[in-house]
Amino acid sequence: MEKGKKNINMRNPHIRSDDGNVMLEGDLTIAQAGQIANKLKEMLKKDESLRVTIQNVTSMDLTFIQLLYSFTKTCRQQNKKVLLDIKLNPDLELLLSKCGFNLTLMGPDK
């Protein structure tokens, strides 16, 4: 683990963060929504520029998508900069696309 990185040890998802950056991996579902929401709220309180990296996702549900949307909307309302770096496997991208979701359009200027 890089110097200065905090690792929050959870069954799933894996959440790693440092100043203004959070990486979410693994199971991004309702079962972990509270843990993810707490980390995002913590970032909102202390950082002006935020980066959320989402990668190595094993599962994702509507609760997580709603949480991410709410987070970006809150960033917009608080005039905070947020960068979403989303790397999904092709099957998950296709599924979300067929359901009408485009996570890359959730940035603060959208």
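Being within 12 Å of Leu103 (Cα to Cα) and charged (D, E, K, R) is the filter; apply it to segment 50-92 and report the residue that is farthest from the chain's Cα centre (by Cα).
Lys87
All but one of (1) of a type in the set (A, V, I, L, M); (2) closer than 15 Å to Gly20 by Cβ; (3) touching a Ser or Thr at 6+ places or on another chain (Cβ under 8 Å) hold for Ile86, so report the exception by its number.
Ile86 satisfies every listed condition except (2).
For residues in segment 11-56 being touching an Asp or Glu at 6+ places or on another chain (Cβ under 6 Å) and at pLDDT below 90, which is surrounded by the fewest Cβ atoms within 10 Å (Cβ to Cβ)?
It comes out as Asn12.
The values are calculated or read from the model by the stated rules, or taken from the named source; none is laboratory data. Only a predicted model underlies this, so the values are computations on that prediction, with no experimental measurement involved. Cβ: placed from backbone, ideal geometry, glycine included. Neighbour counts: every protein chain shown.
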